[in-house]
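Notes follow once the structure below has been shown.
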């Protein structure tokens with residue numbers, strides 16, 4: 001099938017991922033754009049990222065506050081988002097709004113000239129043939145550990161995950177002004193674009209999984225597509241997975257959520273479906289896991305009957321989305337973070 005706009009953008013996001021840079025260059029750019037000062041305790045580590053570059057900068061300070069050591073994250077955006085600065089600004093607006101309403105998210109830090117929370121740097125293209133500008137942001141670091149995948153989690157944690165995501169969505173549902181960049185965004189990782197996944201079926205090498213993809217797309221078109229117009233719409237984080245939800249060391253409660261790179265304005269119920277889909281992976285008892293997250297979410301924000309009817313289908317759709325796009329990304333560049341997401345296990349009832 002011919003690729004849609006969202007599919008073409010997904011390809012470009014991968015092709016225009018920022019090139020690798022050294023720790024020294026990271027600190028150089030951080031100083032030039034944000035006034036970051038390296039201390040004798042500073043160290044830099046890169047996080048594994050899908051199509052951006054994210055760096056943990058520990059024990060830095062700022063020229064404006066030289067005595068205060070802090071930890072921050074520097075995010076270098078892919079070329080597609082760098083060409084759409086209103087979208088990057090919109091992500092900052094969402095973070096600021098959530099923080100204002102007591103949801104723990106990484107707040108953006110202003111540039112050295114105090115005029116913006118978005119800067120630009122020039123890097124070589126990933127193919128080494130040219131150079132281009134990339135948007136760059138500095139974000140406050142949220143302490144906590146990622147959930148990761150375990151066979152079992154405490155019921156109190158799973159329910160708290162649901163409650164946290166539900167509270168976040170309740171806040172976002174009341175956002176008074178939706179940035180136009182989010183309303184206009186056409187993102188392949190938006191569940192509304194599940195039918196577009198057919199454009200990437202060739203990257204799924206196993207024929208049984210290709211059949212599974214076709215069946216999930218068929219069910220989406222049968223069960224979800226007719227309801228799209230009447231479903232509640234809101235800004236959602238759109239990637240509440242086991243890598244982005246931070247928890248305490250006791251594994252009993254949520255500390256915060258990171259990575260709003262896929263944030264968009266779409267159907268509200270997609271958020272819960274995405275969260276359940278990822279948190280079920282690797283669990284001994286996937287039904288109890290799903291039920292606890294669902295219960296916690298509904299204590300903060302109740303689903304409508306229409307949303308309840310399609311939730312199971314949407315969970316399967318997210319797993320197929322992850323399978324398909326994980327296979328595509330794996331074909332372009334191997335990344336350990338893609339190995340689990342390109343091999344989900346699905347069952348239908």
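The values are calculated or read from the model by the stated rules, or taken from the named source; none is laboratory data. Everything numeric in this text was worked out from a predicted model, so none of it was measured. Cβ atoms come from the backbone with ideal geometry, glycine included; neighbour counts cover every protein chain shown.
With respect to the numbered conditions (1) assigned to a loop (DSSP other than H, G, I, E, B); (2) closer than 21 Å to residue 108 by Cβ; (3) in contact with a helix residue (DSSP H, G or I) (Cβ under 9 Å, 6 or more places away or on another chain), which one is the sole condition not fulfilled by residue 182?
Among (1) assigned to a loop (DSSP other than H, G, I, E, B); (2) closer than 21 Å to residue 108 by Cβ; (3) in contact with a helix residue (DSSP H, G or I) (Cβ under 9 Å, 6 or more places away or on another chain), residue 182 violates only (1).
Out of 306, 300, report the one residue that is under 30 Å from residue 199 (Cβ atoms) and at pLDDT 95 or above. Step through it out loud before you land on a result.
On the way: 300 fails: under 30 Å from residue 199 (Cβ atoms).
Matching residue, one of 306, 300: 306.
Just to be sure, is residue 343 surrounded by fewer than 22 Cβ atoms within 10 Å (Cβ to Cβ), within 19 Å of residue 207 (Cα to Cα) and at pLDDT 50 or above? I'd like the intermediate steps shown before the answer.
Working: surrounded by fewer than 22 Cβ atoms within 10 Å (Cβ to Cβ): yes; within 19 Å of residue 207 (Cα to Cα): yes; at pLDDT 50 or above: no.
No, not satisfied.
Conditions tested, residue by residue: (1) in contact (Cβ under 8 Å) with a residue 12 or more places away in the chain; (2) under 22 Å from residue 110 (Cα atoms).
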| position | (1), (2) |
| --- | --- |
| 5 | yes, no |
| 10 | yes, no |
| 15 | yes, no |
| 18 | yes, yes |
| 44 | yes, yes |
| 53 | yes, yes |
| 58 | yes, yes |
| 68 | no, yes |
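Among the helices (runs of 4 or more DSSP H) lying completely within region 1-113, list those that include at least 2 residues that are touching a helix residue (DSSP H, G or I) at 6+ places or on another chain (Cβ under 6 Å) and closer than 30 Å to residue 167 by Cα. If you could, list the steps in order and put the result at the bottom.
Details: elements: 5-15, 23-34, 79-82, 85-100.
Of the helices (runs of 4 or more DSSP H) lying wholly inside region 1-113, those with at least 2 residues that are touching a helix residue (DSSP H, G or I) at 6+ places or on another chain (Cβ under 6 Å) and closer than 30 Å to residue 167 by Cα span 85-100.
Suppose we filter 227, 167, 205 for residues that are modelled with pLDDT under 95 and assigned by TED's automatic domain parsing to the domain that holds residue 305; which single one remains? Write out each step before concluding.
Working: 227 fails: modelled with pLDDT under 95; 167 fails: modelled with pLDDT under 95.
Sole residue among the options that is modelled with pLDDT under 95 and assigned by TED's automatic domain parsing to the domain that holds residue 305: 205.
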